[in-house]
Amino acid sequence: VHEGFFPDSSAASYLKANIPNGIVSIIDHQRDGVGGILSIVGEAYSTARLAAVKVVDHIFAVWGHEQPVNSVSATSPLRGGEMQNFEQFLEQELAANSRKLSHSTLRKLIYSYGTEYVNVLKYFPVEPWDVTLQEEQRAVLSAQIHHAVFKEMALKLVDVVFRRTDLTFAAKPD
């Protein structure tokens with residue numbers, strides 16, 4: 001099951017019966033006679049790191065080993081999050097704005113990519129200060145698509161559209 005869709009009603013029934021209130025469940029298939037296979041049910045992208053910690057803890061318990069110390073992922077920023085204060089970073093970048101992008105465009109890029117937004121700008125097909133807002137937005141979309149394909153291993157259109165552009169946002173465009 002992926003993206004919250006269930007192939008049949010039995011999957012939805014199973015989740016309701018076995019996963020109360022959407023809590024993550026780790027299923028050890030040893031009980032089914034298949035050792036070494038675990039499934040995670042009820043997971044969301046926003047809590048995947050915590051689920052991974054629970055899986056590692058479960059594996060160590062099954063193997064009879066001491067639990068590992070806390071993962072460095074608990075305190076390591078995500079790629080693009082290497083800043084102390086997001087609002088300060090945003091204001092600093094808006095003030096510098098070396099590419100002369102519109103503030104709305106630059107703000108969207110920083111919200112989507114954090115400190116990594118400069119790597120998306122490398123794929124700009126035009127110099128932004130010589131274009132209209134509509135042309136700038138097209139250039140941003142082109143840069144996002146190129147960046148997703150060449151740097152983030154996007155293989156399908158859905159990888160790009162849903163994960164790295166705002167094409168599917170239900171907001172009124174600028």
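Look at L50 and say whether it is part of a helix (DSSP H, G or I) and in contact with a Lys or Arg (Cβ under 8 Å, 6 or more places away or on another chain).
Numbers: part of a helix (DSSP H, G or I): yes; in contact with a Lys or Arg (Cβ under 8 Å, 6 or more places away or on another chain): no.
Answer is no for this residue.
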Here's a check for you: in segment 17-34, which residue that is at pLDDT 80 or above and either exposed (fewer than 12 other Cβ atoms within 10 Å of the Cβ) or of a type in the set (V, I, T) (or both) is farthest from the chain's Cα centre (by Cα)? G33
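Does segment 99-121 contain any residue that is modelled with pLDDT under 85 and not basic (K, R)? Outline the logic, then answer.
Quick first cut of segment 99-121, residues modelled with pLDDT under 85 only: 99-100.
Next cut, not basic (K, R) only: none.
Among the residues of segment 99-121, not one is modelled with pLDDT under 85 and not basic (K, R), which makes the answer no.
What number of residues within segment 76-91 are aliphatic (A, V, I, L, M) and surrounded by fewer than 11 Cβ atoms within 10 Å (Cβ to Cβ)?
First, the residues of segment 76-91 that are aliphatic (A, V, I, L, M): 78, 83, 90.
Applying the additional criterion that residues be surrounded by fewer than 11 Cβ atoms within 10 Å (Cβ to Cβ) yields 78.
Total meeting the criteria: 1.
What residue, among those in segment 138-156 that are in a loop (DSSP other than H, G, I, E, B) and either open to solvent by 30 Å² or more (accessible area, probe 1.4 Å) or touching a residue at least 12 places away in the same chain (Cβ under 8 Å) (or both), is nearest to L106 (Cα to Cα)? Write out each step before concluding.
Here is the first cut: in segment 138-156, the ones in a loop (DSSP other than H, G, I, E, B) are 152-156.
Next, only the ones that are either open to solvent by 30 Å² or more (accessible area, probe 1.4 Å) or touching a residue at least 12 places away in the same chain (Cβ under 8 Å) (or both) stay: 152-153, 155-156.
Details: E152: 20, M153: 23, L155: 26, K156: 26 Å.
That would be E152.
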Consider segment 120-137. How many of its residues are surrounded by 14 or more Cβ atoms within 10 Å (Cβ to Cβ) and part of a helix (DSSP H, G or I)? 5
Can you name every residue in segment 35-48 that is modelled with pLDDT of 75 or more and open to solvent by 60 Å² or more (accessible area, probe 1.4 Å)? G36, I37, I40
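Against the definition (among the aliphatic types (A, V, I, L, M), in contact with a strand residue (DSSP E or B) (Cβ under 9 Å, 6 or more places away or on another chain) and not in a loop (DSSP other than H, G, I, E, B)), how does I59 come out, yes or no? Don't jump to the end; show me each part of the working.
On the way: among the aliphatic types (A, V, I, L, M): yes; in contact with a strand residue (DSSP E or B) (Cβ under 9 Å, 6 or more places away or on another chain): yes; not in a loop (DSSP other than H, G, I, E, B): yes.
Judged against the criteria, I59 is a match.
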Can you tell me which residue within segment 99-115, out of those that are in a helix (DSSP H, G or I) and of a type in the set (G, A, S), is most open to solvent (accessible area, probe 1.4 Å)? S112
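Please go through segment 64-98 and give me each residue that is in a helix (DSSP H, G or I) and on the phi > 0 side of the Ramachandran plot, ordered by number.
The first filter runs over segment 64-98 and keeps only residues in a helix (DSSP H, G or I), leaving 72-74, 86-96.
Of everything in segment 64-98, nothing turns out to be in a helix (DSSP H, G or I) and on the phi > 0 side of the Ramachandran plot.
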Leading residue by the ranking (modelled with the highest pLDDT) among those in segment 157-168 that are under 17 Å from Y117 (Cβ atoms) and surrounded by fewer than 18 Cβ atoms within 10 Å (Cβ to Cβ): T165
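The values are calculated or read from the model by the stated rules, or taken from the named source; none is laboratory data. Note that this is a predicted model, so its numbers are computed, not measured. For neighbour counting, all protein chains shown are included, and Cβ atoms are generated from backbone atoms with ideal geometry for every residue, glycine included. Remember, those area values only see protein heavy atoms, side chains included, never the ligands or the DNA or RNA. Shrake-Rupley method; radii C 1.70, N 1.55, O 1.52, S 1.80 Å.
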